[in-house]
Structures are given as C-alpha cells and as structure tokens.
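A.B. asks: For reference, the structure I am asking about is given below.
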Amino acid sequence: MPAYEAPAPWSASPEPPAPAPEPPESAAPAPTVEVPVPRPRTGHIGSGPPTYEPEPTALPAAHPGELADLVADTVLDGARYGVCTLRAAAVRGDSARYRGEPRRDALLTARFGHDESALVLVAVAAGARTAEGAHRAAADACRWIGEAVGRSHSRLAEDIRAGRRGDLKSGLHRLTDRTYGRLRARAADQGVAPEEYTASLRCLLLSADPDCRTRVFFGIGRGGLFRLRDGAWQDIEPLVPEPSSLTGAPVVGFGSPPADVPEATPEGDRLTMDLGITTAPGPLVEDPLPPPAEPFRFRASVARPGDILLLASNGLAEPMRGQPALAMELATRWAAPEPPGLAAFLADVQLRVKGYADDRTGAAVWEA
C-alpha cells in the first residue's frame, strides 16, 4: 500500500500588478523661481563717500499760512514724443537735506498743442543760494517762461520745424527778458534787491514732429548743456564774451556764435538755417524791459540718432565738469539701447560726489 502523501499546501496564484495611475489631463506647471527686479544703482563717485547722509534727514520748516510754498524733495517726470525720449528729475542737495532747507531748483515740463504740431518745453531754474525766497523765485521763473512760451507755442513750433533760427533767437530773447522783468517787479513788491529774487533759467524746446530733429536751447545764468555722442561727452554750452568786452547797447540773441562762424562744426553738427522765408512778426510780448545783468544764451542744433542731450542746473553741471568719473559713469549707464526708466534715471542724477552738495536738476533727451 503506498504511503500516504499529504496534499501540498494551498497557495493562491499571484495577482496581476495594479495598473499605473493615468497622468492627469493637464500636468501641474513646473515651479517657477521668482527673480527680484534689480534696484536702481545708487552710490557715490570718488575715493570716499560725501560728508552728508545719502537720504533726506530734515524737512523744511512749514508755516500754516504758507503751505502752498512747500517744495517736495524730489520731482520726476518723463515722456516720449517724435523720435526723442525725455527724462527729467530735480533733487534736493545733500546740504539742504541735512539742514532742512527747501529745494532751490525748480523744474517744469509742459506740452503745448497736439499731435505732430505740439511743442514740449523743459524749464530748469535755480534760485540764489543765499536768498531766503530762492525757491519761490525759481518757481516763478519756470511758471512765467512757461506761460510766455505757451501763448506763442504755435509760432515757435512752426519756426523750429522751418529752421528759422534768427526768429527763434530774437523771439525767445524777448520772452526771457519779459520773465526777468516780472522777477524784478516781484522783488520790488517785496522790498528786496533784484539780485535777492532771481534765478538762473535754462530751457529746451522739442518738437513732437518725428521728422524734426532741431533742438533749441535758451536761457540765462549758470548751468550746463552737454551732449553724449559716440560714447564721448561734449560740453556745448554757448559761449559768451567777458563782460569787459561788451560795449554799446545789449544785442538781441546775444550768446550765439558770431557771423563768421561756419554753420557746421568739425564734428558735423549743423545748425539750423534761416531759410529767408518772409514770416509774420515774432511772438507777441509787451514792450521789452531792460535786460538782466547776465547775457542771453541760445543754441539751435540738429540732433543725430543715438545722441543724448543733457540740460543741467549748476548743481549737476559743476560735478560733470569737475569730476570726470561722474561723466564716465553716466556715459556707461546710458550706453544701453533703451533709455532708463524714471526710477533708474533718478538714481543716475543723484550719484553723489564728495564736495558737491547743491541741488541737482537734469533733463536728458534720448534720440531714437
């Protein structure tokens, strides 16, 4: 009889593996890394930082009945018309920030007219450092020259597009004299000397016509007019003769090159031409008052693509001329194909230099 054999233990057959889950119809987006936007580059130029702190420390004193006279620490503006982009900023100087004094520089940017016939005015005024009402005088100078240009903007815009340099020079000289006449009258009303209620005034006129590259500068007093071309700065401030060489009556349009100066410079910067077209009288103003003590400055030139024109108050012009490192740094920063944004331009204008603590105002025009 065969031996009994126990049955093999029962074992279940292995179950098939569970199917892999199907991927969702739309996969979750991959995680993104947030890259912080770079802050505007600020700092100082030179071997060491300036004496004062880099940010405002004290506000100017306020009086209940004179709140309209308060001036903000910083003004920033910009626009784009025709083939040019404008950036403008006025900043209270380190010294005024520390002492709680108001900003003495004033800045006005205004557009008169519409479309391609519009005219853009940039006015920069700087009040006398020692005068108590310097900030009010600078604001008045900007406002009054703005009103004068605004009333004559149609004719001025036409003259710029047509290249009537002689008409522009004489008309703007009269408007500027009129503005300084009002400043002297305001000084008399306040019982102060004329030199205690005055300001340097420097202006740019830009046409909104994309086919017009004529840029007109005019004004009176200290400051600077610079051009960045092909990576190099040019000081194109109109020259004026020494006071000792002046004889006879004041000359309308004084400050422009003499008649024997060629129309084109060695760099090829051709001034606008007087086309000899018979035109109506210049901008309408009242009878002219005696001209201010300082001569009138005027320059009209044709910009090239890629040029950068910088109009500066004396607080910015002095370090531009006296500290080459500042000019080089700005040239490097502005070498990018696109103009800087407003915040970046403000950081550029307030690059600090030891020994230069006055208010700074700059208006730059980038040519497309």
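A.B. asks: What percent of all Cα-Cα pairs in the range 319-368 falls into each 10 Å bin, going from 0 up to the bin containing the maximum distance?
C.D. replies: Using 10 Å bins, I get a P(r) of 22, 58, 19, 1 for the range 319-368.
A.B. asks: Now for a different question. Which ³J(HN,Hα) values, rounded to whole Hz and listed in residue order, are derived for the range 141-157 from phi using the Karplus coefficients 6.51, -1.76 and 1.60 in 6.51 cos²θ - 1.76 cosθ + 1.60 with θ = phi - 60°, glycine and proline given as x?
C.D. replies: Per residue, the Karplus-derived 3J(HN,Hα) values read 4, 5, 5, 6, 5, x, 5, 5, 5, x, 5, 10, 5, 4, 5, 4, 4 Hz.
A.B. asks: A further question on this structure: With Cβ to Cβ distances under 11 Å as the rule, what net charge do the other residues near Leu119 carry (K, R +1; D, E -1)? If you can, show how the numbers build up before the last one.
C.D. replies: Details: positive: Arg111, Arg155, Arg161; negative: Glu116, Glu158, Asp159, Asp209.
Summing Lys/Arg as +1 and Asp/Glu as -1 gives -1.
A.B. asks: Under the Kirkwood approximation applied to all pairs of distinct alpha-carbon atoms, what is the hydrodynamic radius of the range 37-158 in Å? Intermediate values should be presented prior to the final figure.
C.D. replies: Working: mean 1/r = 0.0595 Å⁻¹.
The Cα-based Kirkwood calculation yields 16.8 Å.
A.B. asks: I want the local charge near Tyr197. Using Cβ-Cβ distances under 10 Å, sum +1 for each Lys or Arg and -1 for each Asp or Glu among the other residues. Could the numbers behind the result be given before it?
C.D. replies: Details: positive: Arg136, Arg184, Arg186; negative: Glu132, Asp140, Asp189, Glu195, Glu196.
Its environment carries a net charge of -2.
A.B. asks: Related question: Give the distance, in whole Å, between the Cα centre of the range 125-193 and the Cα centre of the range 58-74.
C.D. replies: 24
A.B. asks: Taking 0.36 nm per residue of separation and subtracting the Cα-Cα distance, what length does fully extending His63 through Ala79 add? List each step's numbers first, then the result.
C.D. replies: Working: separation 16, 0.36 × 16 = 5.76 nm, distance 3.45 nm.
Difference between extended and current length: 2.3 nm.
A.B. asks: Considering just Cα atoms, how many Å³ per residue does the convex hull of the range 118-243 enclose? Let's see the in-between values first.
C.D. replies: Working: hull volume 16.6 nm³, N = 126.
Cα-based convex hull of the range 118-243, divided per residue, equals 131 Å³.
A.B. asks: Give me the number: length gained by fully extending Ala343 to Glu195, i.e. 0.36 nm times residue separation minus the C-alpha to C-alpha distance, one decimal in nm. Show your work: numbers first, answer last.
C.D. replies: Numbers: separation 148, 0.36 × 148 = 53.28 nm, distance 3.55 nm.
Gain in length upon complete extension: 49.7 nm.
FYI, it's all coordinate maths here, none of it is from the lab. Keep in mind that this is a model prediction, so the values were computed, not measured. For neighbour counting, all protein chains shown are included, and Cβ atoms are generated from backbone atoms with ideal geometry for every residue, glycine included.
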